[in-house]
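Okay, structure first, notes after.
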Amino acid sequence: MPERLLSGIKPTGNIHIGNYFGAMRQFLELQDQYESFLFIADLHALNQIHNPEELADNIREIAKAYLAIGLDPDKVTLFQQSRVPAHTQLTWIFNSITSMGLLERAHAYKDALANERSVNVGLFDYPVLMAADILLYHPKVVPVGNDQQQHVEIAVDIAQRFHHLYGPTFTIPQPLIRSEVAVVPGLDGRKMSKSYHNVIGLFDTPEATVKKVMAITTDSKGLSEPKDPETCTIFALHKLFSTDQIEELRERYRSGSITYKESKERLAERINAFLQPIRERKAELDSQPEYIERVLAEGSAKASEMAEKTLREVMERVGLSASHHG
Ligand code: TYM
């Protein structure tokens, strides 16, 4: 049996090249090697998105994104989290063995508190739902970007706590993080993130992409001044899209023979060339809603089967199953 892989993406809008390089490219590269379970983490989006049409739209966008990048639904199980009730059921059981302290240390929660956004219980409890997402499927690896590492570690903590109380049950998962794409920078040089409004979307139009790239923040080095490639956001993105020319570009940065404007123009061209086939497949999928629905229905049925099996075992272990009542 091949080893299992699991990962998810939150449908909070405008899926971007940070998601692609941080996580989705690994899904694609590993789809032949692992038995993959990939899902739309719609329950995770609920603490941010309270507009039903918007959420429903975002869910379809993620489904199309998975397919448009080239994942093959005959090889990978693509599913929608909310269609598998075991995720929320296991979350409750995990809630009951997880300390507040563990969750109070979570970066996402601490950031939300620091920004004085009102924090709902769902956001606080997010890592527990994520632990359930992962542990239900016994994956060996969880390919993610850097920002999810702590969440996978919390899942491991919760699994170990469960094992301590009830005996070995879960596979201990490992995050799979590619160091060179662990944090893809956004237009302003911070981590590319929907909440920072600094993203280049997989499905942005070519024109919008050019506009965004031309707006990338740089230092104020003059046209023919030497420039530091290692601190330049444009260059960091060239590392993803212009691998075949990266040495030439590095040299031209150092010698001052490239302007930021030229570097941006080349980058925008590369990004658009790269995204073109993905956008085309997405446009085809836009006219195939029945196909998308079939993929998600079949994937969710298959995921449910596995998740239910784990949940039954968990219920048995904690003393909630019918067999304890006889
Ligand atoms: P989400 O939807 O924010 O992001 C999806 C994936 O993209 C990665 N990513 C990045 N990688 C590199 N650079 C960036 N700028 C960047 N931005 C995002 C994320 O690390 C992630 O791998 N909580 C998760 C979804 C989730 C999940 C799970 C993942 C729910 N349950 C179980 C794995 C396993 C999230 O919000 O990802």
Legend entry - the chain: angle of helix 149-166 to the longest principal axis, Cα-based, in degrees nearest 10: 10
Legend entry - Computed label-point distance, nm, for sites W92 and K211 using a 7 Å Cα→Cβ extension: 4.8
Inset, instruction - Determine, at each q value in 0.14, 0.16, 0.24 (inverse angstroms), the log₁₀ of I(q)/I(0) that the Debye formula gives when each Cα of region 117-190 is one equal point scatterer. - result: -0.53, -0.66, -1.07
Inset, instruction - Put one equal scatterer on each alpha carbon of region 8-50, apply the Debye formula with no solvent term, and list log10 I(q)/I(0) at q = 0.14, 0.22 1/Å to two decimals. - result: -0.38, -0.79
Inset, instruction - At a 1.4 Å probe radius, which order do D111, D32 fall into by accessible area, largest first? - result: D32, D111
Inset, instruction - State, as an integer percentage, the relative contact order of region 203-284 based on alpha-carbon contacts under 8 Å between residues 6 or more apart. - result: 42
Legend entry - Anisotropy class of region 177-240 from Cα gyration tensor, a/c 1.5 cut: oblate
Inset, instruction - Might you report the magnitude of the Cβ-based charge dipole of the chain about its Cα centre, with Lys and Arg at +1 and Asp and Glu at -1, to the nearest 20 debye? - result: 440
Legend entry - Dimensionless Rg ratio for region 203-284, taking C-alpha atoms and the 2.2 N^0.38 Å reference: 1.15
Inset, instruction - Along Cα→Cβ, 7 Å out, is where each label goes; now give me the distance between the ones at A273 and D244 in nm to one decimal. - result: 0.6
Inset, instruction - Scan around F79 for amide H atoms under 5 Å from its own, H built in the peptide plane at 1.01 Å from N, and keep only partners 5 or more places away or cross-chain. - result: L38, F39, I40
Inset, instruction - For helix 121-135, report the angle its Cα long axis makes with the longest principal axis of the Cα atoms of the chain; keep it between 0 and 90° and round to the nearest 10°. - result: 80
Legend entry - Degrees, to the nearest 10: 289-318 long Cα axis against longest axis of the chain: 50
Legend entry - Dipole magnitude of region 203-284 about its Cα centre (Cβ charges: Lys, Arg +1; Asp, Glu -1), debye to nearest 20: 160
Inset, instruction - Whenever you get a sec, line up M306, M1, M24, M130 from highest to lowest accessible area (probe 1.4 Å, protein heavy atoms). - result: M1, M306, M130, M24
Legend entry - At q = 0.06, 0.07, 0.12, 0.13 Å⁻¹, base-10 log of I(q)/I(0) for the chain (Debye sum, equal scatterers on each alpha carbon): -0.24, -0.32, -0.88, -1.00
Legend entry - FRET efficiency for E251 and S193, using Cβ-Cβ distance with R0 set to 35 Å, rounded to 0.05: 0.65
Inset, instruction - Please work out the C-alpha center-to-center distance from region 1-46 to region 248-326 and express it in whole Å. - result: 4
Inset, instruction - Determine which residues of region 75-105 fall in the zone a paramagnetic label at V318 would reach in this model, i.e. backbone nitrogen under 11 Å from the point 7 Å along Cα→Cβ. - result: 88-98
Inset, instruction - With a 1.4 Å probe and every protein chain left in place, work out the accessible area per residue of region 203-284 in Å², rounded to a whole number. - result: 53
Inset, instruction - Return the carbon/sulfur percentage of the accessible area of region 203-284, one whole number, probe 1.4 Å, all protein chains in place. - result: 54
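The values are calculated or read from the model by the stated rules, or taken from the named source; none is laboratory data. Not measured: the values here are computed from a predicted model. Neighbour counts are summed over all protein chains in view; Cβ atoms, including those assigned to glycine, are modelled from backbone coordinates with ideal geometry. The protein model used for the area step is the full one, side chains on, heavy atoms only, and it has no ligands, DNA or RNA in it. Shrake-Rupley method; radii C 1.70, N 1.55, O 1.52, S 1.80 Å.
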